[in-house]
Amino acid sequence: MKINKIIVSFISAAVILLSTSVVSFAKVVGDKIVLGAAISLTGKYSSNGVHTQNGYNMAVDRINSMGGVKVGGKTYKFDIIYYDDESNPKRAAQLAERLISQDGVEFMLGPYSSGLTKAIAPVTEKYGVPMVEANGASRSLFTKGYKYLFAVLAPANLYLDVAIDLAVEKNNGKPVTVAMAFEQDAFSQDVRLGVLEAIERTGSKKVIDDKLPKELNDMAATLVKVKQMKPDVLVVSGHTKGALTAVRQISEMKVDVPMLAMTHCDAAKLSKQHGKNSQYALCASQWHKTLTYKDNFFKDGMTYDADFTKEFGYAPPYQAAESSAALLVFKDAFERANSFDQKKVRDALAATNMQTFYGNIKFAEGGQNVDKPMVLFQVMCDDGGKCENKVVAPTKWASAKLIHPIPSWSQR
Amino acid sequence: MNKNNLILYIGILTFGIAAPFLFPAFKVQLSILCVLIILATTWNIQGGEMGYNSFGNILFYGLGMYLCASVQVGMFFPLAEWTESGGEKTFVHTPAQFFQGMAVGLLVAAVVPTIVAGLIGYSILGLRGHYFAICTLGLGVAAGEISGGIEIIGAGQGFTTPPFPDVGNLESRGEFFYFLSFIVLILTFIAVRGIYSTRFKLILNAIRDNEDKAEAMGIQTMKYKIVGWMISAFFCGLAGGIMGGLVGYIDSTDVAFDGREMGVFMVLMAILGGKGTLWGPIIGATVFHIFKEGFWTFFLGWQYVALGVLIVVIVIYFPEGIMGWLREKYPERFGEVVDEKDRKAQVELK
């Protein structure tokens, strides 16, 4: 039975490989503060994963070049270890474990999407690793009593409920009929809950309530129903692909609906990809470049927009902006804690109260940012076919007036 | 069992027990390796020994995952409220509840998929070849979409499994799941090894080689095919239950009925190691896992490209898998008697 020898040699080879792959990083090496992040570089969230990564990198470069982080009289620079989570929660949880137990990371940045954040949060919580995340908006993240999770963004249920209120307002305060189509994932389902609450509050009626598959490439069946039912509002949420699919098929099928409310329009570069076809789409956004928040690193939204475009070749969607903000929050917390003790940093994070170019940041007990309202923008095109996103609500920030109802396709 | 074998088994067992202490940082990866080996080994019963390329074993894995977690929660708390609240913290399992729930959950996670395999096996194991493969592919996809619409298990929101209770230290969770998966792996190995030494395996091979002939010989092939699938389902369900607890978050299509990853990986690992052998899937899973983890670290963003190249290399140079290649290269080590004259004659013929 010589076969045993072969097997034994295989196993020993495996062991050797395993042991040589142990590369150890410490959380703070020399003058570096090493943060860990699992990012969707491949898979269904890859485009948003890249926005997130670019946002992180942009802030790291900026903070490092502007003097870094001062802790205990010494200056440190940020560094990030990235892994690809392949848009898969299972993988994300593994990577979090790996970042913490193998790479020795003591501070984490969030992944993209609520589902992945949900998978990672129990791990960071278990090890007491403070995580500032910028892309997990699902409300259920903030109801679990997590102590080490901080989100710089407003929860998902606040994304599109304003749109329903707006539609009711435009309908002279009378209830409206709503058609809903949401992807089956943690984030979109939470947006749905927010919309449902708004429907109930305003006495409106839902006429369609469809669940769409992940990797949303076709929603023709829903749109056929929309054509028949003629609702006042059509709400669609399904990350980048959802926004692209909705606009593509609505324009192909010439679906007329007075109000089209969506998420992820800017991440999908909707106005660029679909031009005039995307006109009048109403989009929920965590941030917009015209908002007048300010900080010392990126100055303001317009400057951030210009700098980001210069560096990465496209206008920053809010996913990038909020990711950059996460680093600013970390820097601020480290300096206030004046220590790298995880508990102290955690307490400093909890006490955060600051303004960044992205908005005010102040965390509630559950970890969500309560100091920054959502905005709604509408895609507006000029006669030359150049489209722009303009903020239409809330009124405080509005730079244009909402166009309602959307003109029918025969008149466009 | 001869002496060499005994040494090998004791060696592996010792390594398995010592591994989490030797490589404390790798506990999660080691647990996943155990799960992967279980999946590859049980897939091999269909794909390797019986010649039925099943893409449907992921169904039992996902079913086991949801069942184990649901039972673990449902035994002590209202399941609907648990998922409504996003699980965790609102209701907290005591250590006793956690482990009791896990035990009962795993039992259910093993038994129910076995029954399901029996029922659906009766209807679809009549299909052969590509038809069977396509049909089972549909099973996994359908299960993912259906479970994604069931509110009580979280639907699109996902299901947070009960967090590990506050016992022991930070390492306890990893150790618990590692040893759990390692024990199930040993059970799987013993069971499969036992099966492979009986007439049952020969019948499966007969089905693979020529099903009509096997039937003509008076073998009730349907019965054996179903039993074979039920055995796979039993261990796949267990593996799923463990994986659910280990990951901590179940998503219908990405974690549970993950046909695109786990469903394909189990086939790939068995083929890589050499299907139709006892050790092939085990070696295949180990090599695959190490490669994949390595690529993840050193070829960030390119890991699937590298994996693709690996698959191409395997298909071209090792079509019979690692074990098959070794067997061809060193037949005498596999206990095959090689007649030198015969070999030379063959070479000359070529």
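The values are calculated or read from the model by the stated rules, or taken from the named source; none is laboratory data. In this text the structure is predicted, and so the values were computed from the model without any measurement. Please note: Cβ atoms are built from the backbone with ideal geometry, for glycine as well, and neighbour counts cover all protein chains shown.
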**Report entry** Residues of the stretch A:62-77 satisfying the condition of being assigned to a helix (DSSP H, G or I), free of Cβ contacts under 8 Å to residues at least 40 places away in the same chain and surrounded by 13 or more Cβ atoms within 10 Å (Cβ to Cβ)
**Finding:** A:64
Query raised in the report: Can we say residue B:278 is in a loop (DSSP other than H, G, I, E, B), touching a strand residue (DSSP E or B) at 6+ places or on another chain (Cβ under 7 Å) and within 11 Å of chain A (Cβ to nearest Cβ)?
Result: no
Query raised in the report: Conditions: (1) in contact with a helix residue (DSSP H, G or I) (Cβ under 6 Å, 6 or more places away or on another chain); (2) over 15 Å from residue B:264 (Cβ atoms). Residue B:56 meets all but one. Number of the miss?
Result: (2)
Query - Matching option when the condition is among the β-branched types (Val, Ile, Thr) and either in contact with a Cys (Cβ under 6 Å, 6 or more places away or on another chain) or more than 24 Å from residue A:58 (Cβ to Cβ) (or both), among A:361, A:403 - result: A:403
Requested in this report: Check the stretch A:156-170 and report whether any residue there is in contact (Cβ under 8 Å) with a residue 24 or more places away in the chain, of a type outside the set (D, E, K, R) and within 14 Å of another protein chain (Cβ to nearest Cβ).
Outcome: yes
Report summary line: Of the residues in the stretch A:114-143 that are under 23 Å from residue A:344 (Cβ atoms), within 14 Å of chain B (Cβ to nearest Cβ) and not in a helix (DSSP H, G or I), the one that is nearest to the chain's Cα centre (by Cα) is A:129
Requested in this report: Please determine, by comparing only the residues of the stretch A:239-268 that are in a loop (DSSP other than H, G, I, E, B) and out of contact with any Phe, Trp or Tyr (no Cβ under 7 Å at 6 or more places or on another chain), which one is nearest to the other protein chains (Cβ to nearest Cβ).
Outcome: A:264
Query - Failed criterion for residue B:171 (all others in (1) within 8 Å of chain A (Cβ to nearest Cβ); (2) in contact (Cβ under 8 Å) with a residue 12 or more places away in the chain hold) - result: (1)
Query raised in the report: Of all the residues that make up the stretch B:283-303, how many are within 21 Å of the chain's Cα centre (by Cα) and within 14 Å of residue A:95 (Cβ to Cβ)?
Result: 2
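For the condition on the phi > 0 side of the Ramachandran plot, out of contact with any Leu (no Cβ under 9 Å at 6 or more places or on another chain) and modelled with pLDDT under 95, what is the one hit in A:385, A:367?
Working: A:367 fails: out of contact with any Leu (no Cβ under 9 Å at 6 or more places or on another chain).
None of the other options fit; the residue is A:385.
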Requested in this report: Please go through the stretch A:370-385 and pick out each residue that is in a loop (DSSP other than H, G, I, E, B), farther than 23 Å from residue A:293 by Cβ and touching a residue at least 24 places away in the same chain (Cβ under 8 Å).
Outcome: A:385
Query raised in the report: Restricting attention to the stretch A:352-368, which residues are over 20 Å from residue A:294 (Cα atoms) and over 17 Å from the mean Cα position of the chain (by Cα)?
Result: A:364, A:365, A:366
Report task. Name the single residue, out of those in the stretch B:165-188 being out of contact with any helix residue (DSSP H, G or I) (no Cβ under 6 Å at 6 or more places or on another chain) and surrounded by 19 or more Cβ atoms within 10 Å (Cβ to Cβ), that is nearest to residue A:100 (Cα to Cα). Result -> B:173
Query raised in the report: residue B:145: acidic (Asp, Glu) and either touching a Pro at 6+ places or on another chain (Cβ under 8 Å) or more than 12 Å from chain A (Cβ to nearest Cβ) (or both), yes or no?
Result: yes
Query raised in the report: Among the residues of the stretch B:215-237, which ones are among the hydroxyl-bearing types (Ser, Thr, Tyr) and more than 15 Å from residue B:205 (Cα to Cα)?
Result: B:232
Report task. Taking the options B:65, B:75, name whichever one is out of contact with any Pro (no Cβ under 9 Å at 6 or more places or on another chain), under 24 Å from residue A:140 (Cβ atoms) and free of Cβ contacts under 8 Å to residues at least 40 places away in the same chain. Result -> B:75
Report summary line: Of the listed residues (B:56, B:62, B:51), the one being of a type outside the set (A, V, I, L, M, F, W, C), closer than 23 Å to residue B:126 by Cα and within 12 Å of the chain's Cα centre (by Cα) is B:56
Query raised in the report: Are any of the residues in the stretch A:390-397 among the hydrophobic types (A, V, I, L, M, F, W, C) and surrounded by fewer than 20 Cβ atoms within 10 Å (Cβ to Cβ)?
Result: yes
Query - Selected residue (criterion: surrounded by the fewest Cβ atoms within 10 Å (Cβ to Cβ)) from residues of the stretch A:264-280 that are closer than 24 Å to residue A:114 by Cα and not basic (Lys, Arg) - result: A:267
**Report entry** Which numbered condition residue B:167 fails, given (1) assigned to a helix (DSSP H, G or I); (2) over 22 Å from residue B:281 (Cα atoms); (3) among the β-branched types (Val, Ile, Thr)
**Finding:** (1)
Query raised in the report: When residue B:91 is evaluated against the numbered criteria (1) touching a residue at least 24 places away in the same chain (Cβ under 8 Å); (2) hydrophobic (A, V, I, L, M, F, W, C); (3) outside any helix (DSSP H, G or I), which criterion, by number, is the only one it fails?
Result: (1)
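Could you tell me whether the stretch A:71-83 includes any residue that is more than 21 Å from the chain's Cα centre (by Cα), within 21 Å of residue B:299 (Cβ to Cβ) and facing chain B (nearest Cβ under 10 Å)?
no
Only one of B:144, B:138, B:121, B:194 is in contact with an Asp or Glu (Cβ under 9 Å, 6 or more places away or on another chain) and either exposed (fewer than 13 other Cβ atoms within 10 Å of the Cβ) or assigned to a helix (DSSP H, G or I) (or both). Can you tell me which? Break it down stepwise before answering.
Details: B:138 fails: in contact with an Asp or Glu (Cβ under 9 Å, 6 or more places away or on another chain); B:121 fails: in contact with an Asp or Glu (Cβ under 9 Å, 6 or more places away or on another chain); B:194 fails: in contact with an Asp or Glu (Cβ under 9 Å, 6 or more places away or on another chain).
Only one candidate passes the filter, namely B:144.
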